[in-house]
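Accompanying notes for the structure given below.
The values are calculated or read from the model by the stated rules, or taken from the named source; none is laboratory data. Since the model is a prediction, treat every value here as computed from it, not as a measurement. No Cβ is skipped: glycine too gets one built from the backbone with ideal geometry, and neighbour counts run over all protein chains shown. When the accessible area is computed, the model is the full protein with side chains, heavy atoms only, and any ligands, DNA or RNA have been set aside. Shrake-Rupley method; radii C 1.70, N 1.55, O 1.52, S 1.80 Å.
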Amino acid sequence: MAELLIIYHSRTGGGQQMAQAAYDGAKGEISATLITADQASAQDVLHADGYIFCAPENLASLSGTMKEFFDRCYYPVLGQIEGRPYAQMICAGSDGQNAVRQLARIATGWRLKEVQDPIIICTHAQTPEAILAPKTLQDEDLSLCRELGQALGAGLAMGVF
């Protein structure tokens, strides 16, 4: 059975909600694993057939914890996961585009195949208080994440990717 690995980081809850929604969408389609970026290992990456990466944008960049995951796992899996499908989700306070570009560059280095346009959910948090506050995302935003998980799971199950 195909395995979808969903790796996420969340500081204020938005990314966690997004990753959970994608997991909920995927788990009826295939075997899915939801794991935090600080717990994910190169073995987890090697074992999976496809990936969803979910992280917040911090200071116009991919969050440090997610970047640390890629730093830790990049070379141990390099050359062993080419062509596998991936998608990404970013929880941003403004536009999220820099985090998307950074993650896409890393995925390009791994030679992963992007199978879905990135999902960026913008919280519009612009003050220190709003940025640091726990996030509660809207159902319509989370439905996009569920649909992504379901679509990637179905594609893996059918061998489309």
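Values for this structure:
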| quantity | calculated |
| --- | --- |
| Given (1) open to solvent by 50 Å² or more (accessible area, probe 1.4 Å); (2) outside any helix (DSSP H, G or I); (3) at pLDDT 95 or above, number of the condition Asp95 does not satisfy | (3) |
| Considering residues of region 120-138 that are β-branched (Val, Ile, Thr) and either part of a helix (DSSP H, G or I) or touching a Lys or Arg at 6+ places or on another chain (Cβ under 7 Å) (or both) only, the residue surrounded by the most Cβ atoms within 10 Å (Cβ to Cβ) | Thr123 |
| Criterion: modelled with pLDDT of 95 or more and in a loop (DSSP other than H, G, I, E, B) - qualifying residue of Asp117, Asp141 | Asp117 |
| For Gly149: the one exception among (1) of a type in the set (Gly, Ala, Ser); (2) part of a helix (DSSP H, G or I); (3) at pLDDT 95 or above; (4) surrounded by fewer than 18 Cβ atoms within 10 Å (Cβ to Cβ) | (4) |
| Residue count for region 46-63, restricted to those that are out of contact with any helix residue (DSSP H, G or I) (no Cβ under 9 Å at 6 or more places or on another chain) and open to solvent by less than 10 Å² (accessible area, probe 1.4 Å) | 1 |
| Subset of region 110-119 that is farther than 17 Å from Ser63 by Cβ and in contact with a helix residue (DSSP H, G or I) (Cβ under 8 Å, 6 or more places away or on another chain) - its residue that is least open to solvent (accessible area, probe 1.4 Å) | Trp110 |
| Residue under evaluation Ile81, criteria (1) open to solvent by 10 Å² or more (accessible area, probe 1.4 Å); (2) assigned to a loop (DSSP other than H, G, I, E, B), criterion not met | (1) |
| Condition check for Asp71: surrounded by fewer than 24 Cβ atoms within 10 Å (Cβ to Cβ), free of Cβ contacts under 8 Å to residues at least 40 places away in the same chain and acidic (Asp, Glu) | yes |
| Residue count for region 108-149, restricted to those that are in contact with an Asp or Glu (Cβ under 7 Å, 6 or more places away or on another chain) and without any contact (Cβ under 8 Å) to a residue 24 or more places away in the chain | 0 |
